[in-house]
Amino acid sequence: MSEKTFTLDEAQSMLPALAGLVRTAIDGKKVIDDVDTEFQALAHRVFLAGGLLVNVAHYARRRAEREKALQRVKDAVHEIDAIGVQIKDLDIGLLDFPCLVNGETVLLCWKLGEKKITHWHGTDEGFAGRKPIDQRITGPGERPSRERSSKERPAKERSGKDSPGDQSGKIN
């Protein structure tokens with residue numbers, strides 16, 4: 001099965017729309033949880049009392065609210081899934097974007113509330129295995145924001161002189 005993959009820029013550009021979808025799903029889930037809690041409390045009271053007069057209209061409205069919220073959650077989840085983004089934890093709004101890096105699929109990791117995607121992890125790692133975005137993800141055009149150590153800098157930069165084999169000063 002072919003899996004959609006995203007570049008970091010593509011994933012970043014989708015965050016505003018995805019944040020709205022995730023919020024819709026989280027809000028709907030809260031309504032569902034609230035209604036379920038209310039119905040469980042009612043069932044408990046009925047059980048303890050051995051029967052009870054119930055405001056049927058109120059509970060019918062609440063059931064309809066729950067069904068509408070459930071549909072909103074399903075629609076938001078379906079839309080996120082159709083885009084190709086993986087929902088890892090709806091409660092905290094955790095999403096993964098498959099990304100192809102050197103022929104291997106990794107997951108760009110984003111959580112609702114984060115301004116941008118700053119971490120990634122392997123497909124066999126989870127949230128705990130998140131690593132900061134680096135040049136493998138950003139590509140050769142962008143450099144991760146860190147200083148190179150003296151061992152990483154070319155000899156010319158370390159010494160301030162041309163290397164011994166380079167007398168012309170030209171770049172080949």
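The values are calculated or read from the model by the stated rules, or taken from the named source; none is laboratory data. This is a predicted model, so every value here is computed, not measured. All Cβ positions, even for glycine, are placed from backbone atoms using ideal geometry, and neighbour counts span all protein chains on display.
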Inset, instruction - Taking Leu100 as the residue in question, decide whether it is farther than 20 Å from Gly122 by Cα and either of a type outside the set (S, T, N, Q) or in contact with a His (Cβ under 7 Å, 6 or more places away or on another chain) (or both). - result: no
Inset, instruction - Filter region 11-56 for residues that are within 22 Å of Lys111 (Cβ to Cβ), surrounded by fewer than 17 Cβ atoms within 10 Å (Cβ to Cβ) and of a type in the set (Lys, Arg) and give the result. - result: Arg23, Lys30
Legend entry - Selection status of Arg72, assigned to a helix (DSSP H, G or I) and touching a Ser or Thr at 6+ places or on another chain (Cβ under 9 Å): yes
Inset, instruction - Looking at (1) under 30 Å from Lys4 (Cα atoms); (2) of a type in the set (A, V, I, L, M, F, W, C); (3) modelled with pLDDT of 95 or more, find the lone condition where Ala60 falls short. - result: (1)
Inset, instruction - State the number of residues belonging to region 10-60 that are free of Cβ contacts under 8 Å to residues at least 12 places away in the same chain, in contact with a helix residue (DSSP H, G or I) (Cβ under 9 Å, 6 or more places away or on another chain) and either over 28 Å from Asp91 (Cβ atoms) or outside any helix (DSSP H, G or I) (or both). - result: 1
Legend entry - Options Gly28, Gly51: the member that is more than 27 Å from the chain's Cα centre (by Cα) and not basic (Lys, Arg): Gly51
Inset, instruction - Return a yes/no flag: does region 82-104 have any residue that is over 17 Å from Gln12 (Cα atoms), surrounded by 15 or more Cβ atoms within 10 Å (Cβ to Cβ) and under 14 Å from the mean Cα position of the chain (by Cα). - result: yes
Inset, instruction - Could you look through region 57-81, keep only residues that are of a type in the set (A, V, I, L, M) and loosely packed, with under 13 Cβ neighbours inside 10 Å, and pick out the one that is nearest to Asp34 (Cα to Cα)? - result: Ala64
